[in-house]
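Only one structure is covered here, and it is reproduced in the block below.
The values are calculated or read from the model by the stated rules, or taken from the named source; none is laboratory data. As the structure is a computational prediction, the values presented were derived from the model and not from experiment. Quick reminder, even Gly has a Cβ in these numbers, built from the backbone with ideal geometry, and neighbours come from all protein chains shown. Ligands, DNA and RNA are excluded from the accessible area calculation, which covers all protein heavy atoms including side chains. Shrake-Rupley method; radii C 1.70, N 1.55, O 1.52, S 1.80 Å.
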Amino acid sequence: MLNFSLSDDQIALRDMVRKFVQQDIIPNAAKFDESGEFPRDLINKAWEMGLMNIAIPEKFGGMGLGIIEDVVISEELGAGCLGMTTSIAVNTLALYPILIGGTEAQIEEFAVPFLSSPKLAAFCLTEPGSGSDAGSLSTMAKEEGDHFVVNGSKMWITNAGHAELFTVFCTTNKDLKTKGIICLVIPANTPGISLGKHENKLGQRCSDTRAVTLENVRVPKKNMIGKFGEGFKIAMRTLDRTRTPIAAGAVGAARSAMTYAKNYSKERKQFGQPIANFQAIQFMLADMAVNIESARLLCYKSAWLIDNGQEEQGGYFSALAKRHAADMAMEAATNAVQIYGGYGYTKEYPVEKIMRDVKLVQIYEGTSQIQRVVIARHLLKD
Ligand code: CAA
């Protein structure tokens, strides 16, 4: 049976997040964008409302919510501020490797404490020399008795400056390529970890993005998630789950861009009439609507597949969703600025921020080009 309705619980969740966005996020978004300050109080509030760490299963005291709920939350947050959306979403990204590959004891030790206070975590895959080619990472974990000794550098790590826990992907033998990669859970206060400066970004300026350097960091072997060589697959399976909520954030941002542009086009008069009367404007708005609706449907389908155990198909659909949502949101935001004309290019109006913010969605969690690689490989395999 095909059903396009959200459940009553999902509608209540959506409405709660929408209210939070209207009351707390939208009035503060421009201020945090301007200063680049980390919105700690708003993150704490999101945690109190139960919008973080939502995937921790019920048997561990968590909410055990699925990707569908993550999509519902992310679209609403994305309609307010993508920088805040990313800061909130990255805890789920960082904890998924533990939930996917960890033992019950590891979930208890590393993930469950996130339910009792608004702590942050960071996912450390990317390096200065390995972004899209994640399998070529060089951070080295050398075995030494019952420990690993980790050396290397991670780059563009969201939440790094505020995280208490890192999930770090390292290699034990670069010759083994992806099969040499392991996943380690490393508390942020472990000696040998140092943080770079807060990156001064084009958009999503309030999300905290830094380099993380690891120098002779000693990590107990019990902190390895999964078996030797399973790290890469754990990272890929994590991204299969998180690319869809990230895509949903872009849907929310595009929805806001369309709403602002639509309202403005009805007020702004040129040639003696509201510019909404002109077909050039109507076509831009119509294309935004088509793309937003289709991207949202891809998000729901991708989420549904993963929530219903169809992981491989879900991974394919998460790439479809992220490719489409990121690129369409960029187009929608750019056209919203176009509809506002000169005013849209100033910080007096909200659309230029959306344009700067959505650009990052075409880059992080796998670029739009990497999503096409994933899609094409799926299409071309036997
Ligand atoms: N699920 C399970 N296993 C998978 C998988 C998946 N989705 N994708 C690949 N694998 C397996 C393959 O089956 C293969 O297994 P075998 O060795 O047993 O055959 C193994 O992993 C290696 O796969 P590939 O040969 O396909 O690997 P590759 O080196 O060609 O890379 C890639 C594939 C898709 C390009 C991958 O490198 C990739 O996704 N790159 C992008 C990285 C990325 O998204 N980074 C984002 C960082 S996080 C971030 O941005 C967060 C933030 O700031 C907010």
Assess whether residue 286 counts as being in a helix (DSSP H, G or I), among the small types (Gly, Ala, Ser) and within 16 Å of the ligand (Cβ to nearest atom).
no
Here is a check on your reading of the model: is residue 90 open to solvent by less than 20 Å² (accessible area, probe 1.4 Å) and either over 19 Å from the mean Cα position of the chain (by Cα) or away from the ligand (no atom under 16 Å from the Cβ) (or both)?
no
Would you point out the residue of segment 215-238, among those that are near the ligand (Cβ under 9 Å from one of its atoms) and of a type in the set (D, E, K, R), that is surrounded by the fewest Cβ atoms within 10 Å (Cβ to Cβ)?
233
Where the second residue is among the acidic types (Asp, Glu) and within 10 Å of the ligand (Cβ to nearest atom) and the first is farther than 11 Å from residue 365 by Cβ and lies in segment 231-250, which pairs have Cβ atoms under 9 Å and are six or more apart or on separate chains?
237/311
Please verify whether residue 241 is open to solvent by 10 Å² or more (accessible area, probe 1.4 Å) and farther than 21 Å from residue 180 by Cβ, treating the condition exactly as stated.
yes
Screening 75, 104, 109 for residues that are closer than 14 Å to residue 165 by Cα and of a type in the set (Asp, Glu) leaves only 109
From the list 352, 293, 312, 331, pick out the single residue that is in a helix (DSSP H, G or I), surrounded by fewer than 23 Cβ atoms within 10 Å (Cβ to Cβ) and within 14 Å of the ligand (Cβ to nearest atom).
312
Filter pass, residue 321 being touching a Ser or Thr at 6+ places or on another chain (Cβ under 6 Å), outside any loop (DSSP other than H, G, I, E, B) and either outside the structural domain of residue 279 (by TED's automatic domain parsing) or under 22 Å from residue 209 (Cα atoms) (or both):
no
Considering 212, 251, which residue is surrounded by 24 or more Cβ atoms within 10 Å (Cβ to Cβ) and more than 13 Å from the ligand (Cβ to nearest atom)?
251
Do we have any residue at all in segment 366-377 that's touching a residue at least 60 places away in the same chain (Cβ under 8 Å), hydroxyl-bearing (Ser, Thr, Tyr), open to solvent by less than 40 Å² (accessible area, probe 1.4 Å) and within 14 Å of the ligand (Cβ to nearest atom)?
yes
Index of the failed condition, residue 346 passing every other in (1) of a type in the set (S, T, N, Q); (2) in contact (Cβ under 8 Å) with a residue 24 or more places away in the chain; (3) touching an Asp or Glu at 6+ places or on another chain (Cβ under 8 Å):
(2)
Flagged in segment 52-66 as within 22 Å of residue 166 (Cα to Cα) and in contact with an Asp or Glu (Cβ under 7 Å, 6 or more places away or on another chain), in numbering order, are 54, 60, 64
Which number in (1) closer than 15 Å to residue 242 by Cβ; (2) polar (S, T, N, Q); (3) open to solvent by 60 Å² or more (accessible area, probe 1.4 Å) marks the one condition that residue 3 misses?
(1)
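Residue by residue, here is whether (1) of a type in the set (S, T, N, Q); (2) modelled with pLDDT of 95 or more; (3) buried (at least 24 other Cβ atoms within 10 Å of the Cβ) holds:
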{"position": "139", "(1), (2), (3)": "yes, yes, no"}
{"position": "144", "(1), (2), (3)": "no, yes, no"}
{"position": "149", "(1), (2), (3)": "no, yes, no"}
{"position": "152", "(1), (2), (3)": "no, yes, no"}
{"position": "163", "(1), (2), (3)": "no, yes, yes"}
{"position": "172", "(1), (2), (3)": "yes, yes, no"}
